[in-house]
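Structure, as structure tokens:
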Amino acid sequence: MKKVLFMLAVLAMIGVSCSKDNANRASGSGGKDDETEDPTQKPDPKPDPKPEGPSVKTGAENLVVHLSFDKDDLIEVGEGITFKENKGQASIATGFIGKGWTNKSGNNATEAYSKFDVAAGSAFSKIENFSMSVWIKNVEANPKGCIISLNGARMGIPPSEKPHDFPAFNVYFDNNGTDSETGERWQQVNGRFIFHDSNRNEQNLWLDTGAPALAVYGEWFHLAVTYEPAAKTGYIYVNGEEIRELTFDPGIPFNNLVTEYTNALYIGAWSTFVEGDSVQTWQNYWPGAIDELRIFDRVLTPEEVLALYKEELDINLSQDE
């Protein structure tokens with residue numbers, strides 16, 4: 001009998017010990033795993049998140065197209081716009097911010113362009129007031145060429161024969177100059193900013209700053225253009241500085257950038273030149289580099305253009321830190 005009582009006592013003691021161990025485990029204390037932990041010690045604070053670098057905030061709510069050239073499809077923002085292909089000497093290399101578009105040949109007679117498919121309901125069909133911002137770098141040997149071209153206008157000829165005789169929207173440079181006294185060549189910001197509708201009505205804004213030395217060959221500079229059809233007013237900016245005010249009669253409904261024939265956007269080439277319509281020897285490829293092309297559906301104020309320029313310049317400078 002005594003042996004039975006003794007065994008029951010031992011079993012009871014074992015049961016109490018097991019219960020304590022289980023309770024300790026349930027409460028997260030005790031046991032070998034906790035030997036290195038001090039429940040009174042506060043956990044190490046989480047490291048502060050890495051501070052974000054400068055970003056572009058100006059006009060963000062009205063940004064409808066942004067070609068950053070940093071991604072495989074080259075597009076950051078652009079409803080109904082999809083990357084199609086790079087042709088010829090078109091290449092993605094070091095840009096003003098991150099990656100950028102470049103003509104590897106540096107020659108405006110050498111084929112080099114990127115093509116994007118454009119849907120009928122794309123971002124271009126929703127623009128009534130317009131601002132464009134872009135960083136560009138030109139070469140002295142071949143200063144003329146097309147930066148951007150949206151196809152989609154014709155001359156009343158059946159589209160099956162010549163569907164894109166005129167670009168719906170086009171920006172190109174076609175001039176430079178020489179100082180009459182020193183003989184020094186300078187890069188005047190002189191180009192054309194063109195719109196056509198499907199009936200061949202045309203609206204031209206000359207990007208002629210009327211002054212030399214506003215841009216230097218082989219160096220990045222910022223170009224911005226705004227246009228408000230209702231006010232018949234456009235402005236040109238170089239490196240954030242307002243250079244010129246231009247007054248034009250709109251002539252066409254400006255919200256008709258996407259016509260019934262529009263289907264492609266080109267970087268570095270004329271749409272008409274690439275597609276074999278209205279081919280002219282002066283319709284050159286862009287010989288330099290292009291980056292951070294932004295199009296807004298609102299007219300940016302002079303203060304906003306300057307802010308946008310500074311924001312992108314800050315990002316460029318932060319890349320070297």
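The values are calculated or read from the model by the stated rules, or taken from the named source; none is laboratory data. Note that the coordinates shown come from a computational prediction; the quantities given were computed from them, not determined experimentally. No Cβ is skipped: glycine too gets one built from the backbone with ideal geometry, and neighbour counts run over all protein chains shown.
In segment 252-268, the residues that are over 15 Å from I148 (Cβ atoms) and part of a loop (DSSP other than H, G, I, E, B) form Cβ pairs under 8 Å with partners that are at pLDDT 85 or above and of a type in the set (F, W, Y), at six or more places apart or across chains, as follows: F254/F130; F254/Y227. From the list G234, G218, exactly one residue is assigned to a loop (DSSP other than H, G, I, E, B) and either among the small types (G, A, S) or touching an Asp or Glu at 6+ places or on another chain (Cβ under 9 Å) (or both). Which is it? Going through G234, G218 in turn, just one is assigned to a loop (DSSP other than H, G, I, E, B) and either among the small types (G, A, S) or touching an Asp or Glu at 6+ places or on another chain (Cβ under 9 Å) (or both): G218.
Quick check on segment 114-130. Is at least one of its residues part of a strand (DSSP E or B) and of a type in the set (A, V, I, L, M)? Give the steps one after another, and end with the answer.
Pass one, segment 114-130, residues part of a strand (DSSP E or B): 114-118, 130.
Okay, now just the ones that are also of a type in the set (A, V, I, L, M), so 118.
The answer is yes, given that some residue of segment 114-130 is part of a strand (DSSP E or B) and of a type in the set (A, V, I, L, M).
When the residues of segment 168-203 are filtered to those that are within 21 Å of the chain's Cα centre (by Cα) and more than 18 Å from S131 (Cβ to Cβ), the one that is modelled with the lowest pLDDT is F173. In the set E128, E79, E85, only one residue is of a type outside the set (K, R) and without any contact (Cβ under 8 Å) to a residue 40 or more places away in the chain; that residue is E85. Taking the criterion of being surrounded by fewer than 21 Cβ atoms within 10 Å (Cβ to Cβ) and among the aromatic types (F, W, Y), the only residue of segment 78-114 that qualifies is F83.
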